[in-house]
1. Going 7 Å from the Cα of Leu787 in the Cα-to-Cβ direction, what parts of region 680-701 have a backbone nitrogen less than 12 Å from that spot?
2. Once you compute Rg and the Kirkwood Rh from C-alpha atoms, what is the Rg to Rh ratio for region 514-571?
3. Can you tell me how much longer the chain between Gln388 and Lys517 gets when fully stretched, taken as 0.36 nm per residue apart minus their C-alpha distance, in nm with one decimal?
4. Can you give the relative contact order of region 826-880 as a percent, counting alpha carbon pairs under 8 Å and 6+ residues apart?
5. Students often get this wrong: which residues of region 758-792 have the backbone nitrogen under 18 Å from the point 7 angstrom along Cα-to-C-beta of Leu461?
6. Could you please state, rounded to a whole Å, how far the C-alpha centre of region 221-297 is from the C-alpha centre of region 372-400?
7. Nearest 10 degrees is fine. How inclined is helix 728-737 to the longest principal axis of the chain, computing both from alpha carbons?
8. Give the calculated FRET efficiency between Lys268 and Ile361 to the nearest 0.05, with a Förster radius of 56 Å applied to their Cβ-Cβ distance.
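Every number here is computed from the coordinates shown, using simple stated rules; none is lab data. If you're wondering where the values come from, they're calculated on a predicted model, not measured in any experiment. Cβ: placed from backbone, ideal geometry, glycine included. Neighbour counts: every protein chain shown.
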Amino acid sequence: MNNAFFLYKLDLKNIFIGVFFTLFLVSCNTSESREEVYKIGFAQAMTTDNWRRDMNKSMQVEASMHPELSLKIKDANNDVQRQIKQIEGFINDGVDVLIVSPIQSVPITPAIEKAMNTGIPVIVIDRKIQNSNYTAYLGADNFDIGNQAAKYIITSKSSEIVHIVEITGDPGSSPAQERTHGFNNGINSKSNFTVTQQINGNWEKKSVITKLTNLLDTIAPPDFIFAHNDRMALGAWEVAKKKKINSQIKIIGVDGLFGPNGGIQLVKEGILSATILYPTGGAEAMKLSKRILDGESVSKNNILKSVVIDSVNVDIMQNQFDKINQQQNDIALQQGVINQQIDTYNSQNNLIKIMLCLLCILLILVIGTIYLVYRLKKSKHHLERNNQQIISQRNQIENFAKKLEKYNEEKINFFTSLSHEFKTPLTLITSSIESIATKTGTGLQGYEYERKLILNNSKRLLRLINELLDFRKLDANSFSPKPVKTNLKQFLEVIYEDFNNEALRKPINFEFTTNVKKPIVYIDRLMMDKVFFNILSNAFKFTPQNGNIRITITETDETYEVSVKDSGIGIPKEEYEKIFNPFTQAKNNTKNSSGLGLYITRKFVELHKGQISVNSHKGTEFKITLLKGKKHLEEFELSEFSEITDCDHQVLEFTSDFEIIDSPIPVDEQAEHILIIEDNTDLSQLLIRKLGQDYFVHLSDGTQALQKAFQIIPDIIICDINLPERSGFELCKNLKTDLRTSHIPILILTALSDQASRIKALQAGADIYLTKPFIFDVLEKSISSLLYNREKLRYYYTHKLGEVKDEKFDSSEQHFLKDLNTYIEANLNNPSFSVEDLAKQLHISRVQLYRKVKALLGISVSEYINTQRLEKAKYLLQTSTLNISEIAYQLGYSSPGYFSTTFKNKYGVSPRIFKK
Ligand code: FRU
C-alpha cells in the first residue's frame, strides 16, 4: 500500500515535470517563430486639421499592410518644444526609422541632427528643416505650387491690371516661404499682375479673418486672393461674403483635400476658383521607410506631384479621390478582415498549442495510469499471494489448535479417569484404616496419631479429587441438579452439627440462628451440602481461636438468604470477584488450597438460579440467596420432600481433632535443639513426634519465626518455603546474615520441587534442600550429617585457632571468631574483663554469645577466654624473661597461686616446671 502510494507520488511528480517541459518547449517555439518587428516613430506637428489626419491615416493604412512595421505617432500639437522632446523620446526608444513633420524649420533642426548622429535614419516630410542633414525628404514641391497658383491667375485674366492679395502660412515654415517664392516668381513674369497686399496667417482660418477684414476695409476688393491652404482660403471667402464682395474675388487655395470642407468640395461649390493639390505623402513615407529598412538606397529628395484642381477637372478629381478613398476604405476593411483572421488564426493557433499541451499531459497521465495500474496489479498479486500464505498458515494453526484441543481433551479425560481410579483405593485405605483401628490386639495402639493422619489425609485427597471431578463436570456442562423439596433449616442444622465438634475443639463461638420457621426450598442436596461445607470449611480455616462464626437464614418475598459470617482474616475488597475464579485464591490466604472450592460453590448456586456474594468487614460474610418455589427449576427432574439423611452429606475432614502436643523431653539432656518452621500442623506434629525423642524440638508456624530463632539459637533449623509471614527464602537469608544465627545449619523442607526454587534457597544460604513427600530416614540422616559437619568445623576452629587468626577470612563465622579473638587478646591483662563486656563489644546478648561460642567451639565463653590466657602464658613462659608472678599479673590473674593452679589443671604441669 505504502509502496503503491510512493510510486503514485513519484509518477505524479514525473508527470508534472513532463508537462512543464512540454510547455517550455511550446513557448520556446512560439518565440522562435515570431518575426523581427521594426519600430517606426513619427513626430507629427499637429493633428488639428483634416490634411494632417489624412496623412496619419494613410500612414497607418500602409503600415497595416506590413506586419513587420510597427508605427508609433506622437502629436506635438503645434508646440515646438514638445516636438523636440518627442523626437528625443523616439531616439531613446531606439526607433529603426524616424519620420518628422517639423512645425518650424530652425528649432527642430538640432533634434533631427541628434537622431542622425545616433544612427537613426530620418525622413523629413512636408515641411523642411534648416539644413539637409537627414536621410530623405518627402513632399510636394512648394515653389512649384506657388508657381502653379500664379500661372492659374495669369491664364484666367490677361488685359487689365490685376490685384492680388496673398495669405501666407506660418512664415517660419518652409512651405509658406517656398510657396510665396514660387508665387511671386510666377506673378512677376507679367507686368499687369501685382500682389497688392500680403497677409501672414498661421495656416488656420482664424488667423485670416480680422487681418483680411481690416485690409478690405481700406482697399478695393482685389481680383484674386491666393491663400497658402484651403482652410485659410475658406476664411477669406467668408470675409468677402460678409462684405458681399465674394462674387468679385476669385480665391485660390492649396491642399485639394477630398471630403467635406476639403478643397475639392469648395471648388465644386464655387467657393474657391481653384485649389492646388498638395499630397500628404503618408503612404509614401511608410514605403520609403520600408525601403530604408530593407537596405535599399533611396533618393534624398522625393518630390510628390501636385496639380491644379478647378471647375474643369474637379469632377474627375473628385471621382478619382472617391475611388481612391473607397479603395483605401476597402483596403482598411480587408485589412480589418485580415486582422480578424490573423486574430482568429492566432487564437486557433494558441488553442492548438494548448490542446497539444493537454494532449501531452493526457498522454503522460495515461502512461502514468497504465504504469500505476500495472504496479497496483503487481502489488495486488503480491498481496493475494501473502493472503494465500496467511490463510494457509491460519488453516495450519487451526488444524494444530484442533489437534491440541483434542489432545488436551484426551489428556484431561485421561486424568479424569485416573482421578476416578484414585477414588477406589483411597476409599479402601480409609475404610481399612478405620476398621483396623477398631480392632484390639493389632499392634497399632501406639500408632493412633499416624492412623488419624492417614485417615484424614486420605479423606482430604478424596475431597480434592471430588473437587477436581466436579470442576471437570462443570467445565463440560454435564451437571444436572436433581432438586428435592427440602427444609433448609433442618438441612443446615445437620451441617451445623458436623462442624460444631471442630468449633468446640478450637474453640470457636459457632452459632446457627433463624426466625424463619419452615424455609422450604428445592435443592440438589449433595450439591448444596458441598456449597455450605465449602463456605464453612473456609470460615473455620481462617477464623482464629475464640473467634465467631454465625449462620443465619432470613426471608424475603421471593427468597431465602443464608449468611455465613466469620471474624477471620477477611478478604481484600479488590479480590471479591477473583476468589470465585478457578485456581485462584486471595492474596492473604496462605493455606493449602486447590483454588476450586469457591468456583464450584458459585457454579452450584447458579445451577439453582441462586446467587452468592461476598463481603468483608472485620471478617468475611458469604450470602447465598435461593429462590422460593420450584418454577425456576422446571427444566430439571424435581422430586418432592424426603427425609434428610447422612447420604446427603460428605464426611468432615479436620486433621487436628487430636491433641496437639509439645515436644517431649529427649532422653539425652545434651541433645541438640531443632527449630521447625512449618505451618502444616499435621506435618509439624508428625515431626515433633518423630524427632522429639532425640532432639529438643521447637515449633513455629511461620509467624514470629525469626524472633523464635534469635531467642532459642537452635543447633539446626528445618524450614518450609510457603509460610504466612515471610517466605522460607527470606527467613533463610535473614538468619544467615545475622551474626546471632549465621552459624546455624538450615534444612529446607518444601513441596516446591522445581530447579529455580532449589537454586534460590541455596543462594539464600540453605545447607540442605529436601522436597515433599520425603522419606523420614533421609531427613534424619540429613539432620545428623549437618550436625556432624558442624562438629568437624568446631574441631577445626578449636584446634587451628592460630591459623584462623592470620587467614583471609571469608565466612561470617571466621569473621566472628577473628573479632572475638581480637577483643579477648586486647583484654588478657584485664582481671575484670567479663563475658558481658565481650558480648557488648560484639553487639549481641550474653546468652546469644554463649550459644554461638558453644555451637562453634564446643566450650563456654569463659572457658575460651581462660584457654586464650593460658596459651598466652605458655608463650610468655617459653619466650620471655618474665617470672611467674609477673606473667600471672600481666595476664590478669588475681594471684600467682591461682594462675599456677589453673595452668597445672590445663596442662598437667606447674608453670615453674614448664618454664624449666
Ligand atoms: C496642414 C497644412 C496644410 C498645408 C501644410 C503646410 O497642417 O497647414 O494645409 O498645406 O500644412 O505644411
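1. Taking a point 7 Å out along Cα→Cβ of Leu787, the residues of region 680-701 whose backbone N falls under 12 Å are 691-697.
2. Expressed as Rg/Rh, it is 1.02.
3. 39.4 nm
4. 23
5. Within reach of a label on Leu461, which here means backbone N under 18 Å from a point 7 Å along Cα→Cβ, region 758-792 contributes 772-776.
6. Taking the Cα centre of each part, region 221-297 and region 372-400 sit 101 Å apart.
7. Approximately 80 degrees, to the nearest ten.
8. Result of the calculation: an efficiency of 0.25.
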